[in-house]
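Just below is one structure, and these are the notes that go with it.
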Amino acid sequence: MLVSGRGSNLQAILDAIAQGGLDADIAGVFSDKPDCTALTRVPARLRWSRDAKSYADRAAFDAELGDAIAACDPDWVVCAGYLRILDNGFVRRFGDRLINIHPSLLPRHPGLRTHQRALDAGDAEHGASVHWVIPELDAGPVIAQVRIPVLPGDDAAALAARLLPAEHALLLSVLRKAVAGRLSPPRGA
Ligand code: GAR
């Protein structure tokens, strides 16, 4: 699992595993933000974090991150609130098992501030997508999406809060397929 922030998606996965709703183990939790809350949700032995700012460039950080992940030999590499672009070398290395959850109905609103951008665009619906990661930001093939209506009076915070539980359910449903061997990587990954 790759995380940068609060880790509610990670927590949903941990809860599902604990309750027998996901037949998986977390091999490691990796972060570019050593102080992030997400890391505190797992035992210290599962945590890896480095301050990305102390590396010469993105490739240097991603190479070390990739080595740490490879050492765990995970079946899946899941970006669950990982808010940093992964370089091409990392994507080539793990692309056949690398997925991300993104809070928009891709291809609408790649990048940041997705909830506000959905409101600004007057979208009637908003949602989240789980997709394969490719070198281009938030542009890999979509695996599954969840949709919610935009309601009158919604602001970005209200929309984000209403979407979050649906995001968790979406990511879990994709991970159940993944661990059951029912998710095929895109051609060329
Ligand atoms: C989630 O909304 C996730 O979709 C989003 O960050 C949030 C992380 O929440 N991811 C992205 O924006 C990736 N581009 P969490 O730390 O509570 O799981």
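For region 107-134, a residue qualifies if it is farther than 20 Å from residue 154 by Cβ and in contact with an Asp or Glu (Cβ under 6 Å, 6 or more places away or on another chain), and exactly one does: 110.
Evaluated against (1) outside any strand (DSSP E or B); (2) within 12 Å of the ligand (Cβ to nearest atom); (3) in contact with a His (Cβ under 8 Å, 6 or more places away or on another chain), residue 99 falls short on exactly one condition, (1).
For beta carbons closer than 8 Å, sequence separation of 6+ or different chains, a first residue in region 127-142 that is in contact (Cβ under 8 Å) with a residue 60 or more places away in the chain and within 13 Å of residue 103 (Cα to Cα) and a second that is among the aliphatic types (A, V, I, L, M) and away from the ligand (no atom under 12 Å from the Cβ), there are no qualifying pairs.
Residue count for region 128-166 under the criterion of being more than 10 Å from the ligand (Cβ to nearest atom), aliphatic (A, V, I, L, M) and part of a loop (DSSP other than H, G, I, E, B): the result is 5.
Can you tell me which residue among 6, 84 is within 13 Å of the ligand (Cβ to nearest atom), in contact with a Phe, Trp or Tyr (Cβ under 9 Å, 6 or more places away or on another chain) and of a type outside the set (Phe, Trp, Tyr)? Unique residue meeting the criteria: 84.
Okay, residues lined up against (1) modelled with pLDDT under 95; (2) buried (at least 17 other Cβ atoms within 10 Å of the Cβ):
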site	(1), (2)
31	no, yes
53	yes, no
60	no, no
69	no, yes
74	no, yes
81	no, yes
103	no, yes
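When 108, 41 are screened for being of a type outside the set (Val, Ile, Thr), within 14 Å of the ligand (Cβ to nearest atom), crowded, with 18+ Cβ neighbours inside 10 Å and modelled with pLDDT of 95 or more, only 41 passes. Pairs linking a residue in region 99-114 that is in contact (Cβ under 8 Å) with a residue 24 or more places away in the chain to a residue that is more than 7 Å from the ligand (Cβ to nearest atom) and not in a strand (DSSP E or B), with Cβ atoms under 6 Å and 6 or more positions apart or on different chains, are 100/133; 101/171; 110/137. Here 67, 73, 23, 15 are screened, and the one residue that is more than 16 Å from the ligand (Cβ to nearest atom) and within 24 Å of residue 169 (Cα to Cα) is 23.
The number of residues in region 9-21 being surrounded by fewer than 18 Cβ atoms within 10 Å (Cβ to Cβ) and touching a residue at least 40 places away in the same chain (Cβ under 8 Å) comes to 1.
Residues that are within 26 Å of residue 68 (Cβ to Cβ) and surrounded by fewer than 13 Cβ atoms within 10 Å (Cβ to Cβ) do occur in region 178-189.
The criterion of at least 2 residues that are without any contact (Cβ under 8 Å) to a residue 60 or more places away in the chain is met, among strands (runs of 3 or more DSSP E) falling completely within region 22-92, by 29-31, 47-49.
The values are calculated or read from the model by the stated rules, or taken from the named source; none is laboratory data. Predicted model only: the values in this text are computed from it and were never measured. A quick note on method: Cβ atoms are made from the backbone with ideal geometry, for glycine too, and the neighbour counts reach across all protein chains shown.
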